[in-house]
Every structure is written in structure tokens, then in C-alpha cells.
Amino acid sequence: MIALMTICMLPNCICAQNKDAKLAMSINEKQTSAKTHYCKLSANSVTLVNFGAPLVVFSAGVIKHDKKMQKDAADMMGAFALSSVVTHLAKNAFHKERPYERYSQITKRSSGGGYSFPSGHTSAAFTTATSISLCYPKWYVIAPAYIWAGSVGYSRVYQGVHYPSDVLAGAVVGAGSAWITYKIQKWMDKKQSHKTS
């Protein structure tokens with residue numbers, strides 16, 4: 001995943017970086033009080049949802065005596081841990097400045113410390129959205145999960161703390177971490193079933 005992000009950051013992408021900055025400015029400058037409030041709620045929901053979703057699934061699994069649900073909750077937490085590690089490593093590898101630090105015309109509307117690339121909020125949101133969607137592949141689960149994750153990504157650009165490319169990379173890291181964790185769990189389940197049969 002870090003190799004994929006490295007390709008996105010190659011020096012010959014100066015034109016793309018300019019477009020990235022212009023798009024960030026365009027999103028950031030169109031301020032309304034309703035949008036500011038919504039984006040704040042969206043960004044602030046990440047921690048609650050990322051810990052709440054697996055907790056709810058695990059609790060339901062315990063109540064129903066459903067081992068699959070309990071495993072699904074463990075997978076969600078494993079995916080979140082993986083995406084957090086990859087995001088942290090990437091941020092420290094690229095050392096990319098936040099948009100508001102580089103461009104005075106970008107207004108900072110949220111806390112955002114450390115480095116910009118990739119977006120940690122977006123990575124976390126897409127990890128949970130993808131984990132839930134893989135475990136429970138129903139449209140009424142998938143659609144709200146990805147609408148929420150997408151709104152988190154948009155909010156971080158609107159708040160002036162990320163570029164669109166940071167959000168895109170965060171989405172790839174989050175979805176990729178969830179997919180890898182899901183596939184590993186499926187492989188382990190298959191291996192276990194062969195041992196018991």
C-alpha cells in the first residue's frame with residue numbers, strides 16, 4: 001500500500017499537485033454555517049463509529065451466541081489496527097504539510113496535527129465501512145456505510161486539513177486494510193475447517 005502511495009507522490013506529478021491544491025481551495029472556500037456544522041459532526045463521528053460498530057456487533061454476537069458475529073467484530077478491530085499502522089508509517093515517510101500550513105488562503109476549521117498524507121480520519125472511516133460491507137453485503141448496509149465514509153473524507157478537505165489526494169490515499173489504505181484482514185480471516189477459517197474435517 002505504501003508503494004502505491006509512493007507512485008502517487010512522484011515528482012513528475014507537479015501538475016496533479018497543483019490541481020489537488022486548487023480543488024482543496026475550491027472546497028474549502030465555499031463556507032456555510034450548515035456545512036461547517038455537518039463537517040464537524042462527520043469528522044468527529046469517526047472515533048465513535050470505529051469503536052462503536054465492532055462493539056455493537058460483538059455484543060449482538062454474545063447475546064445471540066453467534067460466533068460469526070463475534071469473529072466479524074474481531075476482524076473489524078484487526079482491520080482498524082492495520083490501517084492505523086499503515087497510515088502512521090505513511091505519514092512519517094512522506095512528511096507532507098497540511099494545506100492550511102502551505103496556503104494562507106485555506107481556512108483551518110478543525111484540529112489536524114502532524115502530517116497530511118494520507119488522511120487518518122478517512123482511512124479509519126473507510127476501514128469500518130469496508131469491513132461492515134464485507135461482513136454484511138446488503139445494500140442497506142453498504143450504501144450508508146460508504147456515504148458516511150465519503151462524507152468524512154469530504155469534511156477533512158472542507159476543514160482545510162487535507163488535500164483530496166490525502167483523502168483518496170486514506171480511502172485506499174482503509175478499504176485495503178479491511179479487505180486484507182477479511183481475506184486473511186477467510187483463509188484461516190478455511191484452514192481450520194480442513195483440520196477439523
Original post:
Of all residues in segment 103-128 being in contact with a helix residue (DSSP H, G or I) (Cβ under 7 Å, 6 or more places away or on another chain) and open to solvent by 70 Å² or more (accessible area, probe 1.4 Å), which is farthest from S177 (Cα to Cα)?
Top reply: Q105
Original post:
Counting just the residues of segment 64-102 that are open to solvent by less than 30 Å² (accessible area, probe 1.4 Å) and β-branched (V, I, T), which one comes out farthest from I184 (Cα to Cα)?
Top reply: T87
**OP:** Return the pairs, sorted by first residue and then second, in which the second residue is of a type in the set (F, W, Y), the first residue lies in segment 110-138 and is touching a residue at least 40 places away in the same chain (Cβ under 8 Å), the beta carbons are less than 6 Å apart, and the residues are 6+ apart or on different chains.
**Re:** F117/F94; T127/F80; A129/Y146; L134/Y182
Original post:
For residues in segment 129-184 being out of contact with any Phe, Trp or Tyr (no Cβ under 7 Å at 6 or more places or on another chain), of a type in the set (D, E, K, R) and in a helix (DSSP H, G or I), which is least open to solvent (accessible area, probe 1.4 Å)?
Top reply: R156
Subject >> Pair list, Cβ under 7 Å, 6 or more apart: segment 47-63 residue in contact (Cβ under 8 Å) with a residue 60 or more places away in the chain and polar (S, T, N, Q), other residue assigned to a helix (DSSP H, G or I) and open to solvent by less than 50 Å² (accessible area, probe 1.4 Å) >> reply: N50/F80; N50/A124; N50/T128
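The values are calculated or read from the model by the stated rules, or taken from the named source; none is laboratory data. From a predicted model like this one, the values you see are computed outputs, not experimental measurements. Positions of Cβ are backbone-derived with ideal geometry, glycine not excepted, and every protein chain shown enters the neighbour counts. In case anyone asks, the SASA skips ligands and DNA or RNA and just uses the protein heavy atoms, side chains included. Shrake-Rupley method; radii C 1.70, N 1.55, O 1.52, S 1.80 Å.
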